[in-house]
2 protein chains.
Amino acid sequence: MDVTKTLVAHILASRLDDVPQDVRHEAKRALLNIVGCTLGGAEEAATEIAISALGPFSGPANAAVIGRRERFDPLLAALFNGIASHVHDYDDTLPKNYIHASSPVASALLSYASVNRVSGEDFLNAFILGFEVVSRIGNATYPAHYDAGWHSTGSIGVFGAAVAIGKLLGLDAERMTYAIGLAATQAAGIREMFGSMGKGFHPGRSAQSGYMAALLAQKGFTSGRFPLEAPRGFAAVTAARYDLAKVTDGLGTDFDLRENTYKPFACGIVIHPTIDACSQLRAAHGFDAADVVAVELRVAPLVKDLCNKKEIAAGLEGKFSIYHAAAIGLGRGKGGLGEFTDAAVNDPALKRIRLLTEATGDPAVSEDGVKVAVRLADGRALDLHLEASLGNLKRPLSDAQLEDKFRDQAGVLSPARIEAAMAACWGIDGLADAGDLVAAAVPA
Amino acid sequence: MDVTKTLVAHILASRLDDVPQDVRHEAKRALLNIVGCTLGGAEEAATEIAISALGPFSGPANAAVIGRRERFDPLLAALFNGIASHVHDYDDTLPKNYIHASSPVASALLSYASVNRVSGEDFLNAFILGFEVVSRIGNATYPAHYDAGWHSTGSIGVFGAAVAIGKLLGLDAERMTYAIGLAATQAAGIREMFGSMGKGFHPGRSAQSGYMAALLAQKGFTSGRFPLEAPRGFAAVTAARYDLAKVTDGLGTDFDLRENTYKPFACGIVIHPTIDACSQLRAAHGFDAADVVAVELRVAPLVKDLCNKKEIAAGLEGKFSIYHAAAIGLGRGKGGLGEFTDAAVNDPALKRIRLLTEATGDPAVSEDGVKVAVRLADGRALDLHLEASLGNLKRPLSDAQLEDKFRDQAGVLSPARIEAAMAACWGIDGLADAGDLVAAAVPA
C-alpha cells in the first residue's frame, strides 16, 4: 500500500471547486468557531507566558496573532495562535476520534495569510485539506494512538499544518512527501499534559512544526519516503493497531467536516446537558435567579462521579461541577467564558442556586442527557427531560448560535471588528486576500 | 515512585566539584568530538538547506553556529548546530542504548553560551548533566523505545537539552519539572528518517525544543508534574516496557560518559574493523597503494550481507562497502570524511584495490573483528587477525586520535583556530567564559 503517495497525489490535485457546498459551509463554521476561540484565549495566562518567553526570539515581526496587537515572525505567530485557540478547551471536536482538528490547521494558515497574499478560495481549500488529513490519520490510528496516551490534536495535528502550508507553497509531489515526513518526525504531545498549559501548547507547537516542515521541504530538505506506512513510520511507531486505508478511502468524496461538533459551553462536555436543559427552562418560563427555591438533577452515574463538587471557589472548578452548571443555566441561561471565571463561581446569586441544587446518579439517564426538576418561589414546578445535548451531532449549533459564541469570546475586539471578522469567515471564499480576515481579527 | 522529583532534586544540587576527574575528562573528550563533528557538517547540504529555509525567520541574530560565519537567534543556532553535528553519523555513540547523547545537549549549550556569559565550569557541569539524563532515560526505555521505531537521539535527546539549559537558567524545582515536562511533550523523531536529512534533523530539533522548553518553564509555563512516570507520561507512551529505576539509581555516582564511544571512521560501524586492520598493515609495512596485488577478507556473515557492494560510484555507498573499506585502509591508512566523498570512491588507486579485493563470510569472525590477508607486488604476504576494532570500549580512541579526527573535520577553520578550539575543549573548566570555545570554533 502506498498511502503517502496516494495522499500526496490527492493534495496536489485538490481544488475548492471540487468540494461540495455543504462541506464548504461546514468549513466556514469551523473557521468562525476557531477564530472565536482564539480571540477568547488571546489574553489567557498560557498565551501571555508563551509570548513573554519566546517573543524576544521572534524573527522579522510581520505576522499577526489573532486577538493581539503585537506582531511576530509567522512561525511564532502560528504557535501563539494555537495555544490561544485551545486554552479554554472550547474549540471544535470530532466525536469519532476526539481530535480538535481546526486548531493546528487554522493556527498555521491564519499566520501564513497574514504575511503572504493568499486568495480566500485557496485559503479555504487548504484549511479543508489540512482538516481532512488530520481527521483521516486520526481515524486510521484511532483508538490505539489516543489510548496509548497521545494527545492526537498535537501528535496528528502537525500533519494538517504541514499539508495546508505545503499546499499554499505549491510544493510538488516530492516536496509534499518531505513535508509530510518532516511532520511525522515532529509528531508529539502526551496526555500527561492535560490539566496544564501543556495541553494548549500541543496544537500551537504542531501548527508551528507543520509550518516549519513545509518550509524545509520547499527548499529540498529530505525525509523518508513512506512516513505514514513504513515499518518505522508514524502509524507503526505510535499505534499498536491501525488501518491506513482510512487515510485514503473516499478521499475527495467523504469529508469528516460533516461530523465536526462545536461546544456551546466553555466547560467539560459532561455538564453540557445540565446547562442546556436549565437554560431551556429559563428561556421558556422567564424566571429570575432569585426565584429558584429547589433544583433536582438526575444525571448518568459517571457524570455525578466526575462532577460532584459543590464547595468550589475557582472558575476552573466550575468547569467540572454539575451544581454550577445548574446555577448558570437557571441564573444566566448560558455557559460562556464569563460563567467559568472565579467571579462567576463566587457570584452570590449563582452560589445560592449551586448550594440548594441536589443531584442523583441515575443509570436510566444517558451521559448526553439529564432530567431537571425546578421549584420556584411562586410555587410553580417545572421539569424537563433532555435526551441529546446542544452541540452534539444530532443537535448542531446553528450558525446564529456560533455567532453568539463568537461574540461572547471576542471582547478583545471592538463590536465593528467582531462583525467584520465574522463576515470575513462566512465570506472567506470571496476574499481576494484572506489576510483581510486576520486584519479584522486583531484589535485596532 | 517519584522519578521526576528525584531527578529534579539531583539536577538542582549537582555541581562540577562532585563529578569525578575521569568523568570530567571523558566529558571533555565528548565535547571535543562533537565540536569537531559539528565543524565537519557545517557546510553539508542538510545544514545549508535548513539555514536557507529557516534563516529568514531568525530572531535577533546574536548566536553563533559552530563552523559558520552567519549568526542567528540561539534557538535556531541550536537547531543548525544539531543538524551539522549528526549529518555524517560520525558523532559519539553509547553502545548500551545506541544514543548519540552529546549532539542534542552540546548543540543547545554551545548556542546558549554564545549569547550568555557562562563559566566553563557551569558549562561542563550542564553538559555532563544533560548527557547523563539522556543516557539514563535511554537505559530506562531501552530496547523497547528504540525497537518501536523511535530515533532516541531525537526523542530522548530533547530531555538533555532541556535539563542542561534549565540548569544554566537556574530553574527552581517546580520550573525544572516543567522544563522536563515540556521536553517530554515535544519528544519526537522516527527511524523512517534514516537515510535522509531527517536523521540529522532529530538532534537539531531536540536541541531547539529542549532549549525552548527551558525558556517556557522559566516564565512559568506549566506542564504535567509526572512527565516521565505518569500513566500517560513519556515512558508509558513510547515504550512497551521500561524500568524507570534506571533513571535514578546511582545518580551522581555512576556516569554513562565512561561508556561512551567515538567513531574513528566516518562510515557504518560494521566496516570499521576492516579499515582499522588494513590501516595497521599499511603502517607496519610501509607499502604504497600500487604495491597491493591481492586482498582477502574474512568477515562476519552479517557484515558481508550488509556491505557487499563493489560496483559503487557515490561516496555514500562507500560508507557501506567492505571493499572500499579495504581500499582506503591499505591505500590511505585512514577513513575520515575525505575517504567517503564521490572523488574518493572514484579515485583510480582506491578503485583498483576495491575491485581486486575478495571477501568471505566466516561465522568464526565476530562482527567487531576481521581477518585480512594481503599480497604485495614484491611477493610479501601479510596478514592480520583483528579481534576488537578501534573505537570500541576495549580500544577507545586516544586523546591524540580524537585530535586527529577533529583536525580532519575542521577544514572550515584556520589551523590556528583549530588548535585554539581544541585547547578550549580540553581547558573548558578553566574558562571564565565558555563562549570563548564557540568564538574559536567559527571562521574568522
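The values are calculated or read from the model by the stated rules, or taken from the named source; none is laboratory data. In this text, all values refer to a predicted model and were calculated from it rather than measured experimentally. Virtual Cβ from ideal backbone geometry, glycine too; neighbours counted across all protein chains shown. Ligands, DNA and RNA are excluded from the accessible area calculation, which covers all protein heavy atoms including side chains. Shrake-Rupley method; radii C 1.70, N 1.55, O 1.52, S 1.80 Å.
Only one of the listed residues (A:305, A:368, A:378) is outside the structural domain of residue A:41 (by TED's automatic domain parsing), more than 29 Å from the chain's Cα centre (by Cα) and not hydrophobic (A, V, I, L, M, F, W, C). That residue is A:378. Look at the stretch A:69-80: where a residue is more than 9 Å from every other protein chain (Cβ to nearest Cβ) and part of a helix (DSSP H, G or I) and a partner is of a type outside the set (Gly, Ala, Ser) and open to solvent by 10 Å² or more (accessible area, probe 1.4 Å), sitting 6+ places away or on another chain with Cβ atoms under 8 Å, you get A:77/A:71; A:78/A:112; A:78/A:208; A:79/A:205; A:79/A:208; A:80/A:51; A:80/A:68; A:80/A:72.
Against the conditions (1) open to solvent by less than 20 Å² (accessible area, probe 1.4 Å); (2) at pLDDT below 95; (3) out of contact with any Phe, Trp or Tyr (no Cβ under 6 Å at 6 or more places or on another chain), residue A:302 satisfies every one except (1).
For residue B:400, the requirement of being part of a loop (DSSP other than H, G, I, E, B), of a type in the set (A, V, I, L, M) and open to solvent by 40 Å² or more (accessible area, probe 1.4 Å) is not met.
So, residue A:359, is that one outside any helix (DSSP H, G or I) and open to solvent by 20 Å² or more (accessible area, probe 1.4 Å) or not?
Details: outside any helix (DSSP H, G or I): yes; open to solvent by 20 Å² or more (accessible area, probe 1.4 Å): no.
When the stated conditions are applied, residue A:359 does not pass them.
Per the listing A:250, A:160, the residue uniquely more than 12 Å from every other protein chain (Cβ to nearest Cβ), under 18 Å from residue A:3 (Cα atoms) and open to solvent by 10 Å² or more (accessible area, probe 1.4 Å) is A:250.
Any residue at all in the stretch A:330-350 that is open to solvent by 40 Å² or more (accessible area, probe 1.4 Å) and polar (S, T, N, Q)? Checked the stretch A:330-350: at least one residue is open to solvent by 40 Å² or more (accessible area, probe 1.4 Å) and polar (S, T, N, Q).
Residue A:63: farther than 26 Å from residue A:262 by Cβ and surrounded by 21 or more Cβ atoms within 10 Å (Cβ to Cβ), yes or no? It is true that residue A:63 is farther than 26 Å from residue A:262 by Cβ and surrounded by 21 or more Cβ atoms within 10 Å (Cβ to Cβ).
Among helices (runs of 4 or more DSSP H) lying entirely in the stretch B:279-353, which contain 1 or more residues that are farther than 17 Å from residue B:374 by Cβ and in contact with a strand residue (DSSP E or B) (Cβ under 6 Å, 6 or more places away or on another chain)?
Values: elements: B:301-306, B:315-318, B:322-332, B:342-345.
Qualifying helices (runs of 4 or more DSSP H): B:301-306.
Among the residues of the stretch B:365-380, the one identified as open to solvent by 80 Å² or more (accessible area, probe 1.4 Å) and at pLDDT below 95 is B:367.
Whether any residue in the stretch B:21-35 is in the same structural domain as residue B:401 (by TED's automatic domain parsing), crowded, with 16+ Cβ neighbours inside 10 Å and within 20 Å of residue B:340 (Cβ to Cβ) is what I want to check. Steps first, please.
Looking only at the stretch B:21-35, we keep the residues that are in the same structural domain as residue B:401 (by TED's automatic domain parsing), and these are B:21-35.
Keeping just the survivors that are crowded, with 16+ Cβ neighbours inside 10 Å gives B:23-24, B:26-35.
Next, only the ones that are within 20 Å of residue B:340 (Cβ to Cβ) stay: B:33-34.
For the stretch B:21-35, residues in the same structural domain as residue B:401 (by TED's automatic domain parsing), crowded, with 16+ Cβ neighbours inside 10 Å and within 20 Å of residue B:340 (Cβ to Cβ): present.
Of everything listed in (1) touching a Ser or Thr at 6+ places or on another chain (Cβ under 6 Å); (2) not in a loop (DSSP other than H, G, I, E, B), the single unmet condition for residue A:66 is (2).
Are any of the residues in the stretch A:219-231 within 14 Å of chain B (Cβ to nearest Cβ) and of a type in the set (Val, Ile, Thr)? First the steps, then the outcome.
Going through the stretch A:219-231, the residues within 14 Å of chain B (Cβ to nearest Cβ) turn out to be A:219-231.
Adding the requirement that they be of a type in the set (Val, Ile, Thr) leaves A:222.
Yes: one or more hits.
Evaluation of residue A:321 against the conditions (1) farther than 26 Å from residue A:43 by Cβ; (2) open to solvent by less than 10 Å² (accessible area, probe 1.4 Å) shows that the sole unmet condition is (1).
The residues of the stretch A:223-253 that are outside any loop (DSSP other than H, G, I, E, B) and either in contact (Cβ under 8 Å) with a residue 12 or more places away in the chain or not hydrophobic (A, V, I, L, M, F, W, C) (or both), listed by number, are A:234, A:235, A:238, A:245, A:246, A:247, A:248.
Each residue in the stretch B:169-186 was checked for being within 7 Å of chain A (Cβ to nearest Cβ) and either within 19 Å of the chain's Cα centre (by Cα) or open to solvent by 10 Å² or more (accessible area, probe 1.4 Å) (or both), and 1 pass. Among the residues making up the stretch B:75-113, those that are open to solvent by 10 Å² or more (accessible area, probe 1.4 Å) and closer than 15 Å to residue B:64 by Cα are B:75, B:76, B:112.
Given the options A:283, A:266, A:277, name the one that is closer than 25 Å to residue A:349 by Cβ, surrounded by fewer than 20 Cβ atoms within 10 Å (Cβ to Cβ) and either β-branched (Val, Ile, Thr) or away from chain B (no Cβ under 14 Å) (or both). After applying the criteria, what remains is A:283.
Yes or no: the stretch B:210-217 includes at least one residue that is within 22 Å of residue B:149 (Cβ to Cβ), touching a helix residue (DSSP H, G or I) at 6+ places or on another chain (Cβ under 9 Å) and more than 10 Å from chain A (Cβ to nearest Cβ). So far as the stretch B:210-217 goes, yes, one or more of its residues are within 22 Å of residue B:149 (Cβ to Cβ), touching a helix residue (DSSP H, G or I) at 6+ places or on another chain (Cβ under 9 Å) and more than 10 Å from chain A (Cβ to nearest Cβ).
Among residues that are touching a residue at least 24 places away in the same chain (Cβ under 8 Å), of a type in the set (S, T, N, Q), closer than 21 Å to residue B:428 by Cβ and surrounded by fewer than 24 Cβ atoms within 10 Å (Cβ to Cβ), residue B:116 is included. The residues in the stretch B:425-438 that are out of contact with any Ser or Thr (no Cβ under 8 Å at 6 or more places or on another chain) and open to solvent by 10 Å² or more (accessible area, probe 1.4 Å) can be counted, and the count is 5. Annotation note: Cβ proximity below 7 Å between a residue of the stretch A:123-143 that is closer than 12 Å to residue A:255 by Cα and a residue that is among the aromatic types (Phe, Trp, Tyr) (sequence gap 6+ or interchain) occurs for A:132/A:255; A:133/A:159; A:134/A:159. Can you tell me which residues in the stretch A:187-200 are more than 7 Å from every other protein chain (Cβ to nearest Cβ) and open to solvent by less than 10 Å² (accessible area, probe 1.4 Å)? Listed by number, the list holds a single entry, A:200.
The rows are residues; the columns are (1) among the acidic types (Asp, Glu); (2) touching a Cys at 6+ places or on another chain (Cβ under 9 Å); (3) on the phi < 0 side of the Ramachandran plot.
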residue	(1), (2), (3)
B:227	no, no, yes
B:239	no, no, yes
B:243	yes, no, yes
B:250	no, no, no
B:282	no, no, yes
